[in-house]
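Before any comments, here is the structure.
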Amino acid sequence: GYGDPTEVQLRAIPPLLKRSDVVGQAQTGSGKTAAFGIPMVERVEQGSGALQALVLVPTRELAMQVGDELRRIAATRDISVVPVYGGQPIQRQLDAFARGVEIVVGTPGRVMDHIERRTMRLDHVRVVVLDEADRMLDIGFAQDMQWILKRTPRSRQTALFSATIP
């Protein structure tokens, strides 16, 4: 479903495929999710059931939107993408984790909740994306993001994307 790559995709995909850390800034609607999602899906070992990629987002609406887009990108592969956020019955998320999940898109609070419940393990995470990271900082998630990142392997790849970061 993709035609010509956008500028953010042209600039971000090659270094992400080389496993470099990336900071990307592009306007809303410019294809940022595909810019990090395509390399992410390529990097994930399909069908493993182990969480290998984590996308942190500031809101449940963005978690749903990014989750839907990553599912489209991963549609031809055996990769489970699960959005986790508050305001949704947690049992659906618990059931998904019990079946096995390779990619999680979540808000910091709900991700922390799952880590504390021991329903989400971060020891196999290869890629972390902070999507709209500046918005997460603006609304007070700095300590939460640090808490989560400390629980991921130091060898992980990290990408930060935003529409508004200077």
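So here's what we get for this one:
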quantity: Cleavage-rule hits, trypsin sites (Lys or Arg not before Pro), the stretch 76-116, DSSP coil, Cβ neighbours within 10 Å at most 11; calculated: none
quantity: Accessible area of the chain belonging to carbon and sulfur atoms, whole % at 1.4 Å probe; calculated: 47
quantity: Check: the stretch 111-153 dipole with +1 on Lys, Arg Cβ and -1 on Asp, Glu Cβ, in debye; calculated: 340
quantity: The stretch 135-140 - phi-based ³J(HN,Hα) in whole Hz, Karplus 6.51/-1.76/1.60, Gly and Pro as x; calculated: 5, 4, 5, 4, 9, x
quantity: Under 5 Å, built H, 5+ apart or other chain: amide partners of Val84; calculated: Val105, Gly106, Thr107
quantity: Calculated from backbone phi, Karplus (6.51, -1.76, 1.60) coupling profile of the stretch 33-47 in Hz, x at Gly/Pro; calculated: 4, 5, 4, 9, x, 4, x, 4, 5, 5, 7, 6, 7, 5, x
quantity: In Hz, Karplus ³J(HN,Hα) per residue of the stretch 78-85 (6.51, -1.76, 1.60; θ = phi - 60°; x = Gly, Pro); calculated: 8, 10, 9, 10, 10, x, 10, 7
quantity: Residue order for Asp21, Asp131 - accessible surface, 1.4 angstrom probe, largest first; calculated: Asp21, Asp131
quantity: Equivalent ellipsoid semi-axes - Cα gyration tensor, the stretch 57-161, angstrom; calculated: 19, 16, 15
quantity: Accessible surface, the stretch 42-166, averaged per residue in Å² (probe 1.4 Å); calculated: 49
quantity: The chain - charge dipole about Cα centre, Lys and Arg +1 at Cβ, Asp and Glu -1, debye rounded to 20; calculated: 480
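The values are calculated or read from the model by the stated rules, or taken from the named source; none is laboratory data. Computed from a prediction, not measured in an experiment: that's the story for all the values here. Here Cβ is always computed from backbone atoms with ideal geometry, including for glycine, and neighbour counts include all displayed protein chains. Quick note on the areas: whole protein, heavy atoms, side chains included, nothing else; ligands and nucleic acids left out. Shrake-Rupley method; radii C 1.70, N 1.55, O 1.52, S 1.80 Å.
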